[in-house]
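These notes concern the structure reproduced below.
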Amino acid sequence: MTEQTVLEKYKGGLSLFKGFKTVELLLDEKNTNKDELYFLGYDANMYPLPDFSTFPLNYQSVIKLAVKSRLTDWKGAVYIDGTKVLGND
């Protein structure tokens, strides 16, 4: 995929969970490229969430699994608030 295709495909970001537990991951177009998706985390009211790296590890795992299930066709790395959550190491 080209960078423009990636930006177009993921421009809507990801919405995880429902109700008050909703986590919105909005695409960070400035940092996203053809091999890496960058997202910024927001709550259900679109207020910025604390930095992802400060979340409890068990909650980070829940988020990572949800992102992985939503991005099954994505082969590159995925970052939330600059923290790598998926990708080949």
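Can you go through 7, 27 and tell me which one is of a type in the set (A, V, I, L, M) and at pLDDT 95 or above? Spell out how you get there, then give the answer.
Details: 7 fails: at pLDDT 95 or above.
Sole residue among the options that is of a type in the set (A, V, I, L, M) and at pLDDT 95 or above: 27.
Taking the stretch 55-89 as the region of interest, how many residues are at pLDDT 95 or above, over 23 Å from residue 19 (Cβ atoms) and more than 13 Å from the chain's Cα centre (by Cα)?
1
Restricting to the stretch 24-74, give me the number of residues that are more than 24 Å from residue 5 (Cα to Cα) and of a type in the set (Val, Ile, Thr).
The number of residues fulfilling the criteria is 3.
Under 6 Å between Cβ atoms, at least 6 apart or on separate chains: pull out the pairs that start in the stretch 66-87 with a residue that is charged (D, E, K, R) and end on any residue that is part of a loop (DSSP other than H, G, I, E, B).
Hits for this filter: 81/51.
The values are calculated or read from the model by the stated rules, or taken from the named source; none is laboratory data. Just so you know, these numbers come straight off a predicted model, no measurement behind them. Note that we place each Cβ from the backbone using ideal geometry, even for glycine, and neighbour counts take in every protein chain shown.
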